[in-house]
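Report on one structure; see the data block that follows.
The values are calculated or read from the model by the stated rules, or taken from the named source; none is laboratory data. Everything quoted here is computed from the prediction, not taken from an experiment. Heads up, the Cβs are rebuilt from the backbone with ideal geometry, glycines too, and the neighbour counts pull from every protein chain shown.
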Amino acid sequence: MNYTGLYNPFKLNRPLNEEDIKYQLRQDFSGMASSGAVALDDTVVIKMNSTYLELVDKYYSDRGMLEFFTVIMFSVFSLSVIGFFYILFFNPSNTEDALARVFTCLFIITAFSAISVWLYGFLRKSFFTWTHYPVRLNRKTQMVHVFKVDGTILSVPWNDVFFTRGRAGYGSMPEWSIDGHILADDGKTVIDTFSLGFSSTRRKLVKNWAFVRSYMEVDDCLEDLADIIVLCPPVAEKRENYLFGLQYMMRIESRIMWFITALMFPLHLLGSITRFVVMRTCKIPRWSEEVEADCVVDANDPINVSAANNPRHIWRYVLANQPLDEYNALYDRQMNAVERLRAKVQAAKNQREE
């Protein structure tokens with residue numbers, strides 16, 4: 001789970017650090033030599049057409065699970081505060097230890113109240129906010145439009161963004177995201193930051209970045225990218241339904257994970273209920289008129305990828321339980337698309353180096 005930028009804000013008004021520079025993701029084709037760098041969408045594409053690519057945010061995938069535990073803890077501590085208030089004012093003690101009892105109750109009430117307020121701060125950033133925080137990348141105008149967590153919209157030229165892999169937490173296996181830094185005129189000071197919809201390992205993010213960069217930089221690649229995409233969140237101008245939220249939380253890549261999925265099902269079920277409630281309290285993000293004017297789609301656009309193209313049997317896909325012939329057909333489609341895209345990326349890279 002990677003919540004940097006939502007529960008804890010990005011660090012701004014700071015110089016680019018060593019890690020930002022070391023793990024930079026460039027808009028040109030440098031660092032694209034590895035064959036495994038092309039290309040992975042990770043089921044975060046809302047829409048893709050010849051004009052723009054729209055992605056969900058990195059918080060969308062785990063929405064509901066953390067909120068479930070936070071609601072439980074908030075309820076426990078809040079009810080405990082009420083209980084100790086009752087003991088203090090409505091069930092007084094006349095014993096010799098009455099004074100100690102009063103101080104104990106006051107201490108617990110103060111501590112638990114502080115914890116409740118802290119947990120409430122988390123809940124306020126999940127409930128009654130926005131269903132998701134989309135990022136729209138315009139291929140034609142080379143603009144990036146970001147719906148930020150405060151409801152404002154940031155629009156910035158694609159080539160003016162300093163993209164890098166940002167670490168969330170520490171330890172041996174931290175989670176990483178693709179962060180876009182907006183720099184001051186000195187080209188070194190970070191004045192704003194947003195994230196694309198990917199949260200994974202540092203190495204895997206190279207493939208996610210390759211998908212986005214190919215869309216923005218590679219000619220004649222849209223059909224190949226469309227063949228890579230399989231599942232799109234149905235959140236364009238509407239809320240997801242309960243069933244899709246559960247399916248999205250449970251998605252796996254291999255039948256090897258069935259046992260773990262079965263063990264996790266009770267948690268997924270509880271998290272999906274919380275997710276449904278959260279989504280129903282939240283508003284649907286709307287782009288400004290300026291962004292919509294910048295992203296007008298041709299009426300006869302041959303590229304039109306959205307939730308309307310999702311697999312007929314979503315349960316089979318998210319649980320890696322497709323019939324063998326269907327799985328092989330999908331695998332061949334994606335691998336052939338990757339090979340075609342790899343050739344086009346290499347050709348574009350060679351052309352720029354000439």
Leading residue by the ranking (surrounded by the most Cβ atoms within 10 Å (Cβ to Cβ)) among those in segment 225-243 that are under 17 Å from the mean Cα position of the chain (by Cα) and not charged (D, E, K, R): Pro233
Starting from segment 333-348, take each residue that is assigned by TED's automatic domain parsing to the domain that holds Leu40 and list its partners that are among the basic types (Lys, Arg) and buried (at least 16 other Cβ atoms within 10 Å of the Cβ), counting only C-beta distances under 7 angstrom and pairs at least six apart or across chains. none
Could you list, in sequence order, the residues of segment 333-354 that are more than 29 Å from the chain's Cα centre (by Cα) and basic (Lys, Arg)? Lys349, Arg352
Pull up segment 148-181, narrow it to residues that are closer than 20 Å to Asn208 by Cα and among the hydrophobic types (A, V, I, L, M, F, W, C), then point me to the one that is modelled with the lowest pLDDT. Met173
Of everything in segment 309-332, what is closer than 16 Å to Thr43 by Cα and in contact (Cβ under 8 Å) with a residue 60 or more places away in the chain? Give them in sequence order. Asn309, Asn310, Pro311, Ile314, Trp315, Tyr317, Val318, Leu319, Ala320, Leu330
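Residues checked against (1) polar (S, T, N, Q); (2) over 25 Å from Tyr317 (Cα atoms); (3) surrounded by 15 or more Cβ atoms within 10 Å (Cβ to Cβ):
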residue	(1), (2), (3)
Gly245	no, no, yes
Arg255	no, no, no
Thr261	yes, no, yes
Leu270	no, no, yes
Thr274	yes, no, yes
Met279	no, no, yes
Ile284	no, yes, no
Glu289	no, yes, no
Asp294	no, yes, yes
Working only within segment 92-145, note down all residues that are over 30 Å from Trp209 (Cβ atoms) and small (Gly, Ala, Ser). Ser93, Ala98, Ala100, Ala111, Ser113, Ala114, Ser116, Gly121
Can you tell me which residue within segment 280-331, out of those that are under 24 Å from the mean Cα position of the chain (by Cα) and small (Gly, Ala, Ser), is nearest to Tyr52 (Cα to Cα)? Ser306
Based on what the data block shows, is Ser214 in the same structural domain as Arg286 (by TED's automatic domain parsing), over 24 Å from Thr51 (Cα atoms) and not aliphatic (A, V, I, L, M)? no
Could you check Leu123 against (1) modelled with pLDDT of 95 or more; (2) more than 26 Å from Glu67 (Cβ to Cβ); (3) not β-branched (Val, Ile, Thr) and say which number it fails? (2)
